[in-house]
């Protein structure tokens, strides 16, 4: 089974040995980068790096939950995706609130640490995104993994741009603006995941009420 939609319009549900191996590799990458960026965000005093580190942590948990959901019923998988979407929403709101709080605190982040760590994180996320590319059109449980990896790569590029602008302006505002944008990106992806998960739950409930619809005609 591939990552694309099948002829019967069913979407890839993750039941694939190669996909599970990919997930384990990406979980290890994200857990490592969370540790690296957490320390770097404190050293550099960067909200953008802190947001990105939190994203790596969220992704590690998300991918682990995805592994657990594989092979279960549509209801179980969609419920897991719904939980991940809600978690991503909380993370986005936390980053948004922390950034607003940081606006009132003086201090310019270390642009050299920001840029170097963002470049390393970007490389890690490009590898993850390439590994997941053919699985991007799966069910809500599988698609949530792709969306998280895509968000990471976009966020890393934004942090690198912010580091350059911080260097040129010697102000904290580029760092804060990127943190704001990442928070809204989290919330946008959470909305996409939640919508698809709820749609799949409605489909599953409809099939449960009318079991005859799921049986092939003789």
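The values are calculated or read from the model by the stated rules, or taken from the named source; none is laboratory data. None of these values were measured; they are calculated from a predicted model. When we count neighbours, we look across all protein chains shown, and the Cβ atoms used for this are built from the backbone with ideal geometry, even at glycine.
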Task: Of the criteria (1) at pLDDT below 75; (2) part of a helix (DSSP H, G or I); (3) in contact with a helix residue (DSSP H, G or I) (Cβ under 7 Å, 6 or more places away or on another chain); (4) surrounded by fewer than 19 Cβ atoms within 10 Å (Cβ to Cβ), which one residue 108 fails - done: (2)
TODO: Those residues that are free of Cβ contacts under 8 Å to residues at least 40 places away in the same chain and within 17 Å of the chain's Cα centre (by Cα), I need them from the range 134-170; list them, please.
DONE: 146, 150, 153, 154, 157
